[in-house]
Amino acid sequence: MNNNEYDVIVVGAGCAGPAAAKKAAELGLKVLVLEKSQVPGEKNVSGTCLNGAALLDSDLHYIVDCPTERLIREMRTYHINSDRTVVFHEIPSEGVLLLSVRRDHLDAWHTEEAKKAGAEVKLSTAVVDIIEENDYVKGVITDSGEKYYAKVVIDAAGVNSIVGRKAGLIPKRKGTDMILYITAAVKLGEEIINERFGDCIEYYLSPGVQYKTWPWIFPKKDTVTLGTGGYMDENLLNDDFPNVKKYMENFMNLPIVKKKLDGGEIVSWGVHLEYDETIERKVRNGLILTGEAGGFVIPFLGEGMPESFFSGIYAAISSAEAIEAGDYSEAQLSERYEQLIGDNFFMQAFRHIAAVNKEAILSKTDEEITRLMQQVIMGGGFISSAIHTKWLKGVEENNMELIQEAYDFLELIQPYGSVDPDFENLIKGRRNK
């Protein structure tokens, strides 16, 4: 094996790439990682959170050692309409929900972990084409014209990966298969963040600040990151909202958000395109797609990093077994890869939850969604409990009368979903007397 020949070439050092490279190197393979940036993650300064439930999987235990900004223990959701704001505050009795991280720190750390395991890493090296022979992907060509060969290429180059496109696996993406996010980072200082946010992430839902998505604020050590956006159909960009920047401006100008950001400095601003659909074919002879390139990210739920880690690790395992068998065909690679993914309950559960929610959300306006969520938690949850108890019992017993009772009850309480200003006027009037 000469200097340009490897067992596995990993394209991309985001989430899936280092996970794949680290695992492949640990399995004894000769591994090369090619990353176009000078520093892994340098364009991902906005940060995000890691799902603690996924990190309980033994394959991801090592991720807990990554640079962490905050341990998230609480979650608040604001449902805001013109007449009221309803807040749902989740405070577990104990434990950590999420790890708040910065991608620029995480990706650099993760890539170093892959190097420690034995992987070779070349930065500032963009892949511009693939090498094909007899319907097999045999390697890649970089922007400098250098050719690198491998028994298996693992594509971890993200939503717009050239490798997946050149191989014919990544289809044309549009409409409700795509979400356009705009993000911002606001520096407030650690003391102010402790006071205003603490270890609590926040979600917001209000007409005019998103299009079928869930705007968020994630606290870091001395900075908070914000994000909003929407599905890329004909309604995302219109006369009222000619660009997604307007959604972010409206979000940051919500009175409750504006107060929380008072005195802060915007230190970064970016636009991100994410794919929100599965890819039917993720493997070709000599090639495996992982992470965003493989359609494993679930942006509607804000999920994707654990899925990328898992898919990278599983791609490495599948590659190692194929190399041992001397068979790098699509059939060999795909069978094992799909088996590992199918056996991962976390990945399967979140994909199903996302599909069911997406179907419901896309059929309603943002105002309808906000009001529906307000009804769910109105009255401290007691009213909604009565409704959902009847709904569930009606379904279990196949009893349409109970379902109709639940619906009628929901209709009955509709007038109480609005606050009549006359009542406040009455109070003021009596007290003035």
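Before moving on, here are some points about what is shown:
- Loop-resident sites, segment 87-173, for trypsin sites (Lys or Arg not before Pro), counting at most 10 other Cβ within 10 Å (DSSP): Lys172
- Pairwise FRET efficiency - Leu392 versus Ile91, Cβ, R0 = 30 Å, nearest 0.05: 0.75
- Across the cross-link table entries Lys212/Lys364; Lys36/Lys220; Lys36/Lys122; Lys23/Lys166, which are compared at the Cα atoms, the separations over 19 Å belong to Lys36/Lys220; Lys23/Lys166.
- Tilt relative to the chain, helix 382-396 - C-alpha long axis, 0 to 90 degrees, to 10: 60 degrees
- Where the Cα pairs of segment 175-275 fall when distances are cut into 10 Å bins, in %: 16, 48, 27, 8, 0
- Helix 305-325 vs. the chain, principal-axis angle (Cα, 0 to 90°, nearest 10): 20 degrees
- Computed E for Glu146/Asp222 - FRET, C-beta separation, R0 41 angstrom, nearest 0.05: 0.50
- Efficiency of FRET between Asp129 and Glu321 - r from beta-carbon atoms, R0 45 angstrom, step 0.05: 0.95
- Between helix 330-342 and the chain: long-axis angle, C-alpha atoms, 0 to 90°, nearest 10: 30 degrees
- Check: the chain dipole with +1 on Lys, Arg Cβ and -1 on Asp, Glu Cβ, in debye: 1080 debye
- Largest first, the three principal axis extents of the alpha carbons in segment 311-365 are 53, 19, 14 Å in whole numbers.
- Summary: within the chain, the longest segment free of GluC sites (Glu not before Pro) located in DSSP loops with at most 11 other C-beta atoms within 10 Å is 95-233.
- Farthest towards the positive end of the charge dipole of the chain, among the residues Gly189, Ala386, Met347, is the Cα of Gly189, using unit charges on the Cβ of Lys, Arg, Asp and Glu.
- Positive-end ranking of Asn243, Leu333, Asn285 along the dipole of segment 231-346, with charges on Cβ about the Cα centre, is headed by Asn243.
- Over segment 139-223, Cα pairs under 8 Å with separation of 6+ residues give a relative contact order of 21 percent.
- Fully extending the segment from Leu426 to Glu190, taken as 0.36 nm per residue of separation minus the present Cα-Cα distance, adds 80.6 nm.
- Farthest positive-ward along the chain dipole, Cα basis, beta-carbon charges - from Pro306, Asn3, Gly264: Gly264
- Cα-Cα pairs of segment 4-46 separated by more than 13 Å (percent): 52 percent
- Net dipole in debye of segment 25-161 [+1 Lys, Arg Cβ; -1 Asp, Glu Cβ; about Cα centre; nearest 20]: 260 debye
- Computed extension gain for Glu42 through Ile256, at 0.36 nm per residue and net of the alpha carbon distance, reaches 73.9 nm.
- The chain: projected area of the alpha-carbon convex hull, averaged over directions, in nm²: 25.6 nm²
- Compared with the alpha-carbon gap, the fully stretched path from Thr278 to Gln414 is longer by 45.1 nm at 0.36 nm per residue.
- About its Cα centre, the dipole of segment 244-403 is roughly 720 debye, where the only charges are +1 on Lys and Arg Cβ and -1 on Asp and Glu Cβ.
Each reported figure results from applying straightforward, stated rules to the coordinates on display, with no laboratory input. Just so we're clear, the structure is a prediction, and the values are computed from it rather than from any experiment. Ideal geometry is used to build each Cβ from the backbone, glycine not excepted, and the neighbour counts take in all protein chains shown.
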